[in-house]
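Asker: The structure that follows is given in the form of structure tokens.
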Amino acid sequence: MKNIVLTLFCLLALSTLVRAEGNLVISGRLLDDINLNGRINKMIFTENKTEIRLVNEYNESESCERGSFEITRIQTGVYELKGVISCDQWVDETEEVQACPENFQPVCGEIASDSFGKALPKHVTFSNMCELYRAKAAFIQNGGCR
């Protein structure tokens, strides 16, 4: 009986989270999933301990430690992060990266030339996504900068 009530509650909760355009709002922790091949994807750990892997690669140096996120289902089991609806706390996870793999997969990133963000940004070619992440640069494109 307990399992039936819990299942009905979960189905009701999920049905209320679906928006008209087919997007879902999920509460949990947004984390970086650093793979050995140098790619940094996002994942959400929900409050009921479900792991939702996202196709989004790293795109900012800060992440929401705990909050509500809008995601869209692309395929069965494949989701894309559309945005942060609400966030309890932003955290900078770049400090946790001690070393990056030595594979060469160049990416172009944009960094501010001063700490106040008032100077024009510079485009810099990084050896891989991990190096771009450590530099807190914004992703522009795969391959070198032109």
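The values are calculated or read from the model by the stated rules, or taken from the named source; none is laboratory data. Keep in mind the model is a prediction, meaning the values are calculated, not measured. A quick note on method: Cβ atoms are made from the backbone with ideal geometry, for glycine too, and the neighbour counts reach across all protein chains shown.
Asker: When residue 107 is evaluated against the numbered criteria (1) among the aliphatic types (A, V, I, L, M); (2) out of contact with any helix residue (DSSP H, G or I) (no Cβ under 9 Å at 6 or more places or on another chain); (3) at pLDDT 85 or above, which criterion, by number, is the only one it fails?
Answerer: It fails just one condition, (2).
Asker: Which of the residues belonging to segment 68-86 are outside any strand (DSSP E or B) and within 15 Å of residue 46 (Cβ to Cβ)?
Answerer: The one that is outside any strand (DSSP E or B) and within 15 Å of residue 46 (Cβ to Cβ): 77.
Asker: Quick check, is residue 76 at pLDDT below 80 and not assigned by TED's automatic domain parsing to the domain that holds residue 137?
Answerer: Taking the combined requirement at face value, the residue does not satisfy it.
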